[in-house]
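Reading through the structure tokens given below for one structure.
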């Protein structure tokens, strides 16, 4: 089965996620927004083989140290095509407005709705969830949901950014995430874990 470890990094307390297959020890790193050396040290300590870096969406706090991660690990970098321009444009990724400009490497491949992300002998299914950003992605499989900044514990992603859309976000949560099994464990981009069942019932922003 898949194992997952959340490492909270940086001033924005992003949950960078290490996801691996217990059988093969192959891993994918999601959203290395900061403290890359800490993330890489943890991957090394767990004796994992990193195969890919995946970005749930292209905002600065989630892409800040991609360059450091990839400098010593020649693995593919993946993102949705609609958020690809954010990787290399500090205005689009918002870093130009909050601190030093971030220019990450360009993506090697694009992830689309329904793509299966292989992690060793297991896989996660990509879910396109526009709203927080046009190219936001979630990933579901093995009883877990990686929700990025789409769905939080009793919260949802901000929709006051240039390419955000509140109506799209609410629709994506209701039609694509709330249909998942209620015991699905949700690993958000910020904050503690939750479950789909809890969010259906108690999320004050989007009810089922």
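The values are calculated or read from the model by the stated rules, or taken from the named source; none is laboratory data. Being a predicted model, the structure only gives us computed values, none of them experimental. As a convention, Cβ positions derive from the backbone with ideal geometry for all residues, glycine included, and neighbour counts pool all protein chains shown.
Summary of computed values
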{"read-out": "Residue ID - surrounded by the fewest Cβ atoms within 10 Å (Cβ to Cβ), chosen from residues in the range 13-45 that are touching a strand residue (DSSP E or B) at 6+ places or on another chain (Cβ under 7 Å) and part of a loop (DSSP other than H, G, I, E, B)", "value": "22"}
{"read-out": "Restricting the range 46-74 to residues that are over 20 Å from residue 101 (Cα atoms) and crowded, with 23+ Cβ neighbours inside 10 Å, the residue that is nearest to the chain's Cα centre (by Cα)", "value": "54"}
{"read-out": "Residue among 69, 9 that alone is within 28 Å of residue 172 (Cα to Cα) and in contact with a strand residue (DSSP E or B) (Cβ under 7 Å, 6 or more places away or on another chain)", "value": "9"}
{"read-out": "Residue 7 being crowded, with 23+ Cβ neighbours inside 10 Å and assigned to a strand (DSSP E or B)", "value": "no"}
{"read-out": "Residues (surrounded by fewer than 18 Cβ atoms within 10 Å (Cβ to Cβ) and either part of a helix (DSSP H, G or I) or in contact (Cβ under 8 Å) with a residue 12 or more places away in the chain (or both)) located in the range 169-189", "value": "170, 171, 174, 175, 176, 181, 182, 183, 185"}
{"read-out": "Any hit, the range 157-168, residues being touching a strand residue (DSSP E or B) at 6+ places or on another chain (Cβ under 8 Å) and not in a loop (DSSP other than H, G, I, E, B)", "value": "no"}
{"read-out": "Criterion violated by residue 82 - all others in (1) crowded, with 23+ Cβ neighbours inside 10 Å; (2) out of contact with any strand residue (DSSP E or B) (no Cβ under 7 Å at 6 or more places or on another chain) satisfied", "value": "(1)"}
{"read-out": "2 or more residues more than 20 Å from residue 151 (Cα to Cα) and touching a residue at least 24 places away in the same chain (Cβ under 8 Å): qualifying helices (runs of 4 or more DSSP H) within the range 53-127", "value": "66-71, 84-88, 95-98"}
{"read-out": "Any chance residue 124 is within 16 Å of the chain's Cα centre (by Cα), closer than 20 Å to residue 205 by Cα and crowded, with 16+ Cβ neighbours inside 10 Å", "value": "no"}
{"read-out": "Matching option when the condition is on the phi > 0 side of the Ramachandran plot and free of Cβ contacts under 8 Å to residues at least 60 places away in the same chain, among 155, 143", "value": "143"}
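Each row is one residue, and each column tells you yes or no for (1) over 15 Å from residue 193 (Cα atoms); (2) at pLDDT below 95; (3) out of contact with any helix residue (DSSP H, G or I) (no Cβ under 9 Å at 6 or more places or on another chain).
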{"residue": "6", "(1), (2), (3)": "no, no, yes"}
{"residue": "17", "(1), (2), (3)": "no, no, yes"}
{"residue": "32", "(1), (2), (3)": "yes, no, no"}
{"residue": "39", "(1), (2), (3)": "yes, no, no"}
{"residue": "44", "(1), (2), (3)": "yes, no, yes"}
